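Heads up, the thing below is written out as structure tokens.
Derivation of every value follows stated rules applied to the coordinates shown; laboratory data play no part. A quick note: this is a predicted structure, and the numbers were derived from the prediction, not measured. Here the Cβ positions follow ideal geometry from the backbone for every residue, glycine too, while neighbour counts run over all protein chains shown.
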Amino acid sequence: MSLRSSVAIAAGRTSYWFLHNLLHGGTALPGKITLAVDPDVLQTLAKNYETVIITGTNGKTLTTALTVKVLKAKYPQVLTNPSGSNMKQGIVTAFLTSQKTKSGKKLAVLETDEANVELVTKYVKPKVFVLTNIFRDQMDRYGEIYTTYAKILAGIKLEPSATIIANGDAPIFNSVQLPNPIIYYGIDAQEDKEQQALPNTDGLLCPKCQHILHYKKISYANLGKYYCPNCTFKRPPLNFSVSNIIQQTPQSSKFIVDGTTINLHIGGTYNIYNALAAYSIARFFEIDSSLIAAALNDNDEKIFGRQEVINVDNKKITLILVKNPVGLDQVLEMIKTDSELFSLAVLLNANYADGIDTSWIWDGRFENLPFVNIPSVLAGGERYRDISFRLKVAGVSDKQFMERENLTEVLEALKKMPTNKIYVLATYTAVLQLRKLLASQGYIKEGME
């Protein structure tokens, strides 16, 4: 280790101690300080680790958390960036603060922003790349889906020997020939039926002949058993697949992967994909399927803002991050199946981390919600007027509707809602702001870092 790296690491660890012990927070800043002293320090920190990079539009944080959980069934020490700080500085902080292990395999599971895969791969040399999906997301930052994939590919091409574990139901991950070994996972739980994706779905052009793709199975959006009716392009054979979805509620999913029954304590088809990705990673690391199932059935760990249930004065508030059309639409599909009475709040911000363009809220099918059975609906956040208008167009009546810009007023309104169950859909910075407020009032231990 060079003197420069040693000084950088010492500075980073000192700043982390100060921030967490005296100011109770700070994930990115210690990494920034360390990188300011030594821009190449990640190469030193990541040395001797077998690293898994998890990237994609939706599901990175939960897939990372589930992967760490299943890997710990066999390997006790797994380094990760649990708070979702997925750019270079956050990843540096994760290595700075990791516990030392004297024996056993040194594993690192890193959630990585799509635009940072190349930057991180220059230093980390991953053993595995995990690709969850690519959907239209924050056009001001990423551009169209093919631009986003190009950013990821730039990183993958730096490490052609690394194994790729990819969502085989996403056509884009089968569109470019790569030298890397590839493992595909997907869902095969339906009977084959000739069909096409819904209008306004991204990524439906065959990469070989530009014909519109058809499907035998569709999970949602452009994910499914696709094929081109005009050439030979089709979904690749799946190495790991969900053969049967037994039961789904907004709070849980029960399904079978290669003969193993998985009980997941979180709802949504999109989270079945996240669990399947974690299962595939664990099998790559030779963990027995029964150990994986037991780890995924453990409901002890809560993920910031990812269907996190928070008790506020005996009301169960389920906080769900929403950030793009497909993710929003899938959340709406999930909550509308709840058999119990619930209220709804949607908190919309448009800061850089959220994406400054809010037009994506019009692609979410709010019209499909059973508003006649939802007694109270709230529009909040810095852009509450935008989401308020969207909800009114979707059919929310004035009688059941309220607007609150200030989050303190939002929280007070939530406490007074007529149902014990409340779903709060919030953009990224709104999740952070609400959790900080909840922490200040003692409802949770700490805000999101």
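Averaging the sequence gap over all C-alpha pairs within less than 8 Å and six or more residues apart, then dividing by the number of residues, gives segment 180-233 a relative contact order of 32 percent. State whether the chain is rounded, prolate or oblate according to the following rule on the C-alpha gyration tensor (a ≥ b ≥ c being the square roots of its eigenvalues): a/c under 1.5 gives rounded; otherwise a/b larger than b/c gives prolate, and the remaining case gives oblate. Cα axes put the chain in the oblate bin.
In percent, rounded to a whole number, the relative contact order of the chain is 12, using alpha-carbon pairs under 8 Å and six or more apart.
Decide, for segment 153-286, between rounded, prolate and oblate: order the square roots of the alpha carbon gyration tensor eigenvalues as a ≥ b ≥ c, take rounded if a/c falls under 1.5, and otherwise choose prolate if a/b is larger than b/c, else oblate. Because a/c hits 1.5 or more and a/b fails to exceed b/c, segment 153-286 counts as oblate. For the chain, modelled as a GNM whose springs connect Cα atoms under 10 angstrom apart, the maximal fluctuation among Phe240, Phe129, Phe401 occurs at Phe401. In terms of packing, defined here as the mean over residues of other Cβ atoms within 10 angstrom, the peptides 436-443, 420-427 line up highest first as 420-427, 436-443. Taking each of Lys254/Lys421; Lys72/Lys208; Lys69/Lys316; Lys392/Lys421 in turn, the alpha-carbon distance tops 32 angstrom for Lys72/Lys208. The residues neighbouring Thr80, those whose beta-carbon lies less than 11 Å from its own, together hold a net charge of +1 under the Lys/Arg +1, Asp/Glu -1 convention. In order along segment 429-444, phi translates into HN-Hα couplings of 5, 5, 4, 4, 5, 5, 5, 4, 5, 4, 5, 5, 9, x, 7, 9 Hz, rounded to whole numbers, per the Karplus curve 6.51 cos²θ - 1.76 cosθ + 1.60 with θ = phi - 60° and x for Gly and Pro. For segment 48-94, the square roots of the Cα gyration tensor eigenvalues, ordered a ≥ b ≥ c, give a/c of at least 1.5 with a/b no greater than b/c, which places it in the oblate category. In the elastic network of the chain, a GNM with C-alpha springs shorter than 10 Å, the most mobile of Ile245, Ile91, Ile53 is Ile245. With contributions of -39500 (n - 2.57) from each DSSP H run of at least four residues, the per-residue ellipticity at 222 nm computed over the chain stands at -10000 deg cm²/dmol.
Take 368-378, 274-284 and order them by the average number of nearby Cβ atoms within 10 Å per residue, most first; the result is 274-284, 368-378.
Among residues other than Phe284 with Cβ under 14 Å from its Cβ, the summed charge is 0 (Lys and Arg +1, Asp and Glu -1).
For segment 222-234, 3J(HN,Hα) computed residue by residue from phi via the Karplus equation (6.51, -1.76, 1.60; θ = phi - 60°) reads 9, 8, x, 8, 9, 7, 9, x, 10, 8, 8, 5, 7 Hz, glycine and proline entered as x.
The stretch between Ile356 and Ser290, if pulled fully straight at 0.36 nm per residue, gains 19.3 nm over its current Cα-Cα span.
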